[in-house]
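*Asks:* Okay, here's the structure, questions in a sec.
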There are 2 protein chains.
Amino acid sequence: MDIIKELGPLAIASRMKRLAELVFKQAINVYRVHGIDFEPKWFPLFYLLSQKESIGVMEASEYLNISHPAVIQFVKELEKKGWVMSEKSPEDARKRILKLTEKGWAFLPQLQEIWDNIKTVNQQLISKEAHDLMRSVEAFEQYFLKDGFYIDYYQKYIDEKSK
Amino acid sequence: MDIIKELGPLAIASRMKRLAELVFKQAINVYRVHGIDFEPKWFPLFYLLSQKESIGVMEASEYLNISHPAVIQFVKELEKKGWVMSEKSPEDARKRILKLTEKGWAFLPQLQEIWDNIKTVNQQLISKEAHDLMRSVEAFEQYFLKDGFYIDYYQKYIDEKSK
DNA sequence: CATTTTTATGTAATCAGTTACGTAACCAGT
DNA sequence: ACTGGTTACGTAACTGATTACATAAAAATG
């Protein structure tokens, strides 16, 4: 029933966008499964802060290839969660230095484990279907359109692993 | 400078979303090159109307896998352009029948040609790089991040063709 | 130094869509 | 025909980002 499918490469972008949104939605479920209130959109910044220790807003925006207002937005949210803090740079009064809080660092190992899981699951899904772009995207659509598929697959993986 | 690149499959979704947005932006340029004021987001609906002749709002939303408010939105914009019209269904008073106007049909051949061009260019780009999903996405990012690359490539194709 | 330019940040408006919600029309069973 | 449920459409509010604009500090230039 999906005319997009018939249009081939012409509609590749719409499909990828839709797919990306599906993936994001599923990712929220992964965190939820672990009883953790973390949103996928925070991942790049949080991860960056865990690697870089401290970084300015513009720097972060360049590393992550997102706009600086987006960084400010995420920082606001992560500050509210108590995982991130910021302080004026002593050398450069324009600059605001971002870093993880104590609480943020304490949270990191939990996240790390989840990220490792996600990574492994993704790699399994990808290597299974990595023929060419369109077929892969289509395959991903299959996975993610079937509500719950991803999370079931993921759950199975966790269960297997814990044996 | 892009930490996303180091994260592998973990960040696949963000990358695809970004890529999709880039593709869309570039696509606007394609229409602009032809001196046409058409937006890529209208394509699926316009194309559907050219195939189906007439269709209801919900039907369209199902065919295109977008929400019905999105359809309503696009219809509003396309009506303003004078390419689409709508009328109450005689059989079912709830239903609103969408169709192309005279002007819309007259416009179609121009669009068709552009779509064919885009399709061919896409296929060339894809077949050249269609190894696996990640590498393809990366390659696409190369194409679309370099501002103007796509449009230059496209232009070259048009020029070649017209010889 | 005074002046211009650039850089870092912040805010506001905008965009492309979505979900949530409301209403009217149709339909099935009584 | 009456009632409850479902369908089609419309509007509104929200989301996740972006671009555009404003401001202040730093750096570069004469």
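*Asks:* Shielding of B:56-64 by partners, i.e. mean partner chain Cβ atoms within 10 Å per residue? Don't skip to the answer; put the middle values down first.
*Replies:* Values: counts 0, 0, 0, 1, 1, 0, 3, 4, 6.
Taking the mean over all residues of the peptide, I get 2.
*Asks:* Going from most exposed to least, what order do B:Ile66, A:Ile118 have by accessible area with a 1.4 Å probe? Numbers along the way, then the final one.
*Replies:* Numbers: B:Ile66 55, A:Ile118 20 Å².
Solvent-accessible surface, decreasing: B:Ile66, A:Ile118.
*Asks:* Let me ask another. Can you give me the distance in nm between label points at B:Gln112 and B:Lys25, each placed 7 Å from the Cα along the Cα-to-Cβ direction?
*Replies:* Between B:Gln112 and B:Lys25, the label points sit 3.3 nm apart.
*Asks:* On to the next question. Describe numerically, in nm with one decimal, the distance between label points set 7 Å from Cα along Cα→Cβ at A:Glu77 and at B:Lys80.
*Replies:* Once both label points are built, they end up 2.9 nm from each other.
*Asks:* Take the cross-link list B:Lys41/B:Lys88; A:Lys81/B:Lys76; A:Lys88/B:Lys25; A:Lys25/A:Lys103 and give me the ones stretching past 31 Å between alpha-carbons. Each step should come with its number before you reach the end.
*Replies:* Numbers: B:Lys41/B:Lys88 25 Å; A:Lys81/B:Lys76 41 Å; A:Lys88/B:Lys25 36 Å; A:Lys25/A:Lys103 26 Å.
Result: A:Lys81/B:Lys76; A:Lys88/B:Lys25 exceed 31 Å.
*Asks:* Based on the alpha-carbon set only, what is the convex hull volume of region B:46-94 divided per residue, in Å³?
*Replies:* Numbers: hull volume 3.9 nm³, N = 49.
Taking only Cα atoms, region B:46-94 has a hull volume of 80 Å³ per residue.
*Asks:* How far is A:Glu62 from the same spot in each other copy, in nm, shortest first, if each label point sits 7 Å from Cα toward Cβ?
*Replies:* The answer, with the shortest distance listed first, is 5.2 nm.
*Asks:* Mind checking region B:81-111 for GluC sites (Glu not before Pro) that DSSP puts in a loop (not H, G, I, E or B) and that have at most 12 other Cβ atoms within 10 Å?
*Replies:* Working: sites: B:Glu87, B:Glu91, B:Glu102; in loops: B:Glu91.
Sites meeting the loop and neighbour criteria: B:Glu91.
*Asks:* Quick query: amide H of B:Ile55 versus all other amide H atoms, modeled in the peptide plane; which residues come in under 5 Å with a sequence gap of 5 or more or a different chain?
*Replies:* B:Leu98
*Asks:* Also: Any idea how far apart A:Lys99 and B:Asp37 come out in nm if each label point goes 7 Å out from Cα toward Cβ?
*Replies:* The two pseudo-label positions are separated by 5.4 nm.
The values are calculated or read from the model by the stated rules, or taken from the named source; none is laboratory data. Bear in mind the structure is a predicted one, so any value in this text is a computation, not a measurement. When we count neighbours, we look across all protein chains shown, and the Cβ atoms used for this are built from the backbone with ideal geometry, even at glycine. Only protein heavy atoms, including side chains, enter the accessible area calculation; ligands, DNA and RNA are left aside. Shrake-Rupley method; radii C 1.70, N 1.55, O 1.52, S 1.80 Å.
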